[in-house]
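The values are calculated or read from the model by the stated rules, or taken from the named source; none is laboratory data. Here the structure is a predicted model, which is why all the values come from computation and not from measurement. All Cβ positions, even for glycine, are placed from backbone atoms using ideal geometry, and neighbour counts span all protein chains on display. Quick note on the areas: whole protein, heavy atoms, side chains included, nothing else; ligands and nucleic acids left out. Shrake-Rupley method; radii C 1.70, N 1.55, O 1.52, S 1.80 Å.
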Amino acid sequence: MTASADAQTTQVSTLRKILTSEQEPLARRFRALFSLKYLASLQPPSEETVPAIEAIAAGFGSPSALLKHELAYCLGQSRHDAAIAPLRKVLMDKQEDAMCRHEAAEALGALSDKGSLDLLRQFRDAEDEPDVITETCDIAVDRIEWDHGLQKGEENIKKSDFTSIDPAPPMPQSSDKPSIPELEKTLLDTKLPLFQRYRAMFALRDLSSPPDLPTAVPAVQALARGFDDPSALFRHEIAFVFGQLSHPASIPSLTRALSNTTEESMVRHEAAEALGSLGDEEGVEDTLRKFLNDPEQVVRDSCIVALDMAEFEKNGETEYAIIPSQETAVVA
């Protein structure tokens, strides 16, 4: 083994040790995770790719639902078949937290794994599964079928500023001047398939970036109305999109979602993390600190991570993957 390869192996091993240690502060473990995500997602894959994926999957032994759901998301972004088996295992484990299982199903969709279609259909159609699982599997099936169908090549889809693999592609452009009211109508129409509504959601996201676009604020306002949807999965995805955008116009609706103690914890946690991406905006850190002792563990944990993200934003760091020192990490 060359000195370079040996150093790479040591790097993955060190990150894996931090990620899987229950003694490490949660924020430090998240930064280790995003360092591993970078290695797991390298294109073309490197010698570190599979070890990084295995390191991420090793974190599923943690009791933290927040961490495990983030592990599943990162595996789904890897574009690598080595991530499929651990994700299927999480989805099939009915003792696992529903939020983690949902993220595993979504990740299989992001990987466009045709071999998982039967499994996803099984859980989509299961009468004893919670809505968040059946709805996620429904979207994942549509995502994979779209990805491998003829429709994909025939659509004129605007190039996105975002490199993430999303649960659904943005709606195709029908004209040079997309209509925000039309997209909002599709977004909010509960009679339509969730996959179609998600496509409107991501089209509105792309009209909100960069933040100085004339369409940005109206598109953010349209997305914010999605917080009134009956589906917790849908509401949580709105919060996730706001986290990607980091647009100040989303702060009022995110604050309301986090502050609503009757809201589903998966929505509130996503709102907290989205606020963390806006940490340099006035009042955001104060809002997050209010919920550090929330009755819901996943909300408390999300506020810890969000405050670390806010610190990262204020310091002008370029990548949320640098592992902070033991002293500077936000500690529960």
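Among the residues making up segment 183-206, a single one is of a type in the set (Val, Ile, Thr) and either in contact with a His (Cβ under 9 Å, 6 or more places away or on another chain) or open to solvent by 50 Å² or more (accessible area, probe 1.4 Å) (or both): Thr190.
Residue check: is Leu213 surrounded by 18 or more Cβ atoms within 10 Å (Cβ to Cβ) and under 23 Å from Thr163 (Cβ atoms)? The answer is no for Leu213. Residues in segment 139-182 that are outside any loop (DSSP other than H, G, I, E, B), open to solvent by 50 Å² or more (accessible area, probe 1.4 Å) and more than 23 Å from Leu245 (Cβ to Cβ): Glu145, Gln151, Lys152, Gly153, Glu154.
How many residues does segment 161-180 contain that are in contact (Cβ under 8 Å) with a residue 24 or more places away in the chain and closer than 13 Å to Pro218 by Cβ? Before you say what the answer is, go through the steps one by one.
The first filter runs over segment 161-180 and keeps only residues in contact (Cβ under 8 Å) with a residue 24 or more places away in the chain, leaving 161-162, 164-171, 178, 180.
If we keep only those that are closer than 13 Å to Pro218 by Cβ as well, we get 178, 180.
Total satisfying the criteria: 2.
Restricting attention to segment 68-109, the residues being closer than 16 Å to Glu129 by Cα, in a loop (DSSP other than H, G, I, E, B) and either touching a Ser or Thr at 6+ places or on another chain (Cβ under 7 Å) or of a type outside the set (D, E, K, R) (or both) number 1. A single member of Glu327, Glu311, Glu317, Glu285 is more than 17 Å from the chain's Cα centre (by Cα), in a helix (DSSP H, G or I) and at pLDDT below 95, and it is Glu311.
Among Ser277, Ser250, Ser259, Ser231, which is the only one that is among the polar types (S, T, N, Q), at pLDDT below 95 and either open to solvent by less than 30 Å² (accessible area, probe 1.4 Å) or closer than 26 Å to Ala98 by Cα (or both)? Talk me through it step by step, then tell me what you get.
Values: Ser250 fails: at pLDDT below 95; Ser259 fails: at pLDDT below 95; Ser231 fails: at pLDDT below 95.
Checking each option against the conditions leaves just Ser277.
Against the test of being more than 21 Å from Glu96 (Cβ to Cβ), part of a helix (DSSP H, G or I), at pLDDT below 95 and open to solvent by less than 40 Å² (accessible area, probe 1.4 Å), the options Ala5, Ala32, Ala52 yield a single qualifying residue, Ala5.
The number of residues in segment 79-108 being of a type in the set (D, E, K, R) and either in contact (Cβ under 8 Å) with a residue 40 or more places away in the chain or buried (at least 21 other Cβ atoms within 10 Å of the Cβ) (or both) comes to 4.
Yes/no matrix, rows are residues, columns are (1) modelled with pLDDT of 95 or more; (2) under 13 Å from Gly109 (Cα atoms); (3) in contact with a Lys or Arg (Cβ under 6 Å, 6 or more places away or on another chain):
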{"site": "Phe123", "(1), (2), (3)": "yes, no, no"}
{"site": "Asp138", "(1), (2), (3)": "yes, yes, yes"}
{"site": "Gln151", "(1), (2), (3)": "no, no, no"}
{"site": "Ile157", "(1), (2), (3)": "no, no, no"}
{"site": "Asp161", "(1), (2), (3)": "no, no, no"}
{"site": "Lys185", "(1), (2), (3)": "yes, no, no"}
{"site": "Tyr198", "(1), (2), (3)": "yes, no, no"}
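Leu42: under 19 Å from the mean Cα position of the chain (by Cα) and either open to solvent by 20 Å² or more (accessible area, probe 1.4 Å) or of a type outside the set (Val, Ile, Thr) (or both), yes or no? Give the derivation first.
Numbers: under 19 Å from the mean Cα position of the chain (by Cα): yes; either open to solvent by 20 Å² or more (accessible area, probe 1.4 Å) or of a type outside the set (Val, Ile, Thr) (or both): yes.
Yes: the conditions hold for Leu42.
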